[in-house]
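Notes to accompany the following structure.
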Amino acid sequence: MKLLMMGAREDERIFAEKWAKENKIDLEITNDFLSPDTLHLVEGKDGIALQQTMGLPKEMYQQLADLGIKQIATRSAGYDMYDLEAATEAGLIVTNVPEYSPNAIAEFAVTSALATVRQLNKIQANMAKQDFRWAKDMISREIRSMTVGIIGTGRIGRITAQILKGFGAEIIAYDLYQNDDAKEFLTYKDSVEEVVKEADLISIHMPATKDNYHLFNDDLFNLMKDGSFLVNTARGMIVDTAALLRALDSGKLAGAALDTYENEMPYVTKDFTDKEIEDEIFKELVNREDVIFTPHIAFYTDTAVENLVAGGLNAVYDVVTTDDSQNRVN
Ligand code: NAD
């Protein structure tokens with residue numbers, strides 16, 4: 001069996017080579033993404049594992065099928081960059097890696113929560129200026145004295161809740177579907193509104209859907225306690241960023257830690273060191289001391305990368321050998 005891994009980052013290679021050795025598979029690894037220009041690399045291969053940052057032209061799905069390819073395996077949980085309809089029409093099975101390390105994101109959400117509550121940005125900015133004083137506005141609250149609101153109690157939300165419970169916080173939550181096991185360490189409320197009214201710190205852990213676009217808008221921010229904190233490691237479009245900036249200016253929010261931004265695509269994973277950021281809202285996010293912005297990096301641990309690589313390649317193997325996969329999404 002000959003497989004091809006495309007769009008490989010340097011940090012993925014070591015895990016891909018390990019997988020190939022353990023499974024005795026002939027695996028070609030390239031950092032080229034799949035495109036009309038690189039389609040020829042697929043010739044003679046039995047399966048492909050991709051990591052596209054942009055979509056594929058529609059006709060490429062049939063071209064892949066014509067080359068004898070049966071599947072597309074993405075080494076990510078998200079698969080919105082693939083046209084599932086076109087893939088299905090061409091007879092291609094698309095797979096993802098739905099769970100690779102919820103702890104990675106949960107630990108980052110907690111890191112972000114602590115950093116924003118303890119105002120680490122402000123402290124670090126003063127250190128860079130060699131100002132070592134304890135400014136009055138650096139005084140922080142303690143997590144154990146806070147009520148934490150978890151929005152979305154799936155895999156990541158539940159672990160985040162358990163870790164913060166360990167700090168002594170009271171945990172309240174909202175989810176469309178309540179989880180019985182979670183009731184041991186958190187109390188469910190009947191709506192997002194009820195949670196934000198009572199919480200001192202809110203952490204978002206639900207997927208972006210057409211129903212929750214800009215759920216965190218002026219109305220919701222206005223329901224929050226003065227001086228609350230918001231952590232978003234889920235998806236940027238759940239938050240109306242202009243409204244978030246207004247909430248920070250008005251003091252409704254004392255701080256925000258955002259690993260995602262609704263219009264992050266032109267910037268995230270790119271080097272803008274000597275380039276101008278044209279998006280004024282994004283520019284403000286990365287420059288404000290009361291906002292900690294991180295580049296969609298919550299997942300980025302050794303365990304998560306290894307599981308994404310192995311999960312993607314296992315799915316290729318499954319489809320090539322059995323014509324199906326548990327991780328099929330179309
Ligand atoms: P999950 O599917 O296990 O849990 C999501 C939960 O959200 C479910 O319990 C679901 O019922 C709930 N939910 C869905 N819509 C809701 C709504 N409108 N209101 C309230 N609850 C709702 O997913 P997960 O593995 O815990 O991941 C959560 C999110 O984290 C993902 O959807 C993704 O957006 C994000 N994520 C971010 C990173 C990163 O690097 N920053 C990495 C992976 C995942």
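The values are calculated or read from the model by the stated rules, or taken from the named source; none is laboratory data. A quick note: this is a predicted structure, and the numbers were derived from the prediction, not measured. Counting neighbours? That spans all protein chains shown, and the Cβs are built from the backbone with ideal geometry, glycine included. Each accessible area value is taken on the protein alone, full model and side chains, heavy atoms only, with ligands, DNA and RNA left out. Shrake-Rupley method; radii C 1.70, N 1.55, O 1.52, S 1.80 Å.
Selection of first residues in the range 292-308 that are open to solvent by 50 Å² or more (accessible area, probe 1.4 Å) and of second residues that are among the small types (Gly, Ala, Ser) and more than 8 Å from the ligand (Cβ to nearest atom), restricted to Cβ pairs under 6 Å at least 6 apart or on distinct chains, gives the following pairs, ordered by first then second residue: Thr303/Ser101; Asn307/Ser101.
Answer yes or no: is there a residue in the range 146-157 that is assigned to a loop (DSSP other than H, G, I, E, B), open to solvent by 50 Å² or more (accessible area, probe 1.4 Å) and either more than 16 Å from the ligand (Cβ to nearest atom) or in contact with a Gly (Cβ under 6 Å, 6 or more places away or on another chain) (or both). Within the range 146-157, none of the residues are assigned to a loop (DSSP other than H, G, I, E, B), open to solvent by 50 Å² or more (accessible area, probe 1.4 Å) and either more than 16 Å from the ligand (Cβ to nearest atom) or in contact with a Gly (Cβ under 6 Å, 6 or more places away or on another chain) (or both).
The number of residues in the range 47-81 that are within 23 Å of Glu306 (Cβ to Cβ) and part of a loop (DSSP other than H, G, I, E, B) comes to 9. Going by the structure shown, is Asn222 near the ligand (Cβ under 9 Å from one of its atoms), of a type in the set (S, T, N, Q), free of Cβ contacts under 8 Å to residues at least 60 places away in the same chain and assigned by the TED database to the domain that holds Ala113? Considered against the rule, which asks whether it is near the ligand (Cβ under 9 Å from one of its atoms), of a type in the set (S, T, N, Q), free of Cβ contacts under 8 Å to residues at least 60 places away in the same chain and assigned by the TED database to the domain that holds Ala113, Asn222 comes out as no.
Among the criteria (1) away from the ligand (no atom under 16 Å from the Cβ); (2) open to solvent by 10 Å² or more (accessible area, probe 1.4 Å), the one Leu215 does not fulfil is (1).
Tally time: how many residues in the range 42-82 are without any contact (Cβ under 8 Å) to a residue 60 or more places away in the chain, open to solvent by 40 Å² or more (accessible area, probe 1.4 Å), out of contact with any Pro (no Cβ under 9 Å at 6 or more places or on another chain) and under 21 Å from Lys2 (Cα atoms)? Result for the range 42-82: 6. Within the range 259-267, is even one residue in contact (Cβ under 8 Å) with a residue 40 or more places away in the chain and within 30 Å of Lys18 (Cβ to Cβ)? The answer is yes, given that some residue of the range 259-267 is in contact (Cβ under 8 Å) with a residue 40 or more places away in the chain and within 30 Å of Lys18 (Cβ to Cβ). Considering (1) touching a helix residue (DSSP H, G or I) at 6+ places or on another chain (Cβ under 9 Å); (2) modelled with pLDDT of 95 or more, the lone condition that Lys165 does not fulfil carries the number (1). Checking Asn263, Asn307, Asn314 one by one, the residue that is at pLDDT 95 or above, in a loop (DSSP other than H, G, I, E, B), touching a Phe, Trp or Tyr at 6+ places or on another chain (Cβ under 9 Å) and not hydroxyl-bearing (Ser, Thr, Tyr) is Asn263 and no other.
Residues considered: Phe282, Phe299, Phe272. Of these, the only one that is more than 28 Å from Val192 (Cβ to Cβ) and either under 21 Å from the mean Cα position of the chain (by Cα) or in a loop (DSSP other than H, G, I, E, B) (or both) is Phe272. Arg288 passes every criterion in (1) of a type outside the set (Phe, Trp, Tyr); (2) within 12 Å of the ligand (Cβ to nearest atom); (3) surrounded by fewer than 21 Cβ atoms within 10 Å (Cβ to Cβ); (4) modelled with pLDDT of 95 or more apart from (2). When Tyr188, Tyr177 are checked against the criterion of being open to solvent by 40 Å² or more (accessible area, probe 1.4 Å) and over 27 Å from Asn263 (Cβ atoms), a single residue qualifies: Tyr177. Mind checking whether some residue in the range 279-289 is within 30 Å of Gly149 (Cβ to Cβ) and polar (S, T, N, Q)? Within the range 279-289, one or more residues are within 30 Å of Gly149 (Cβ to Cβ) and polar (S, T, N, Q).
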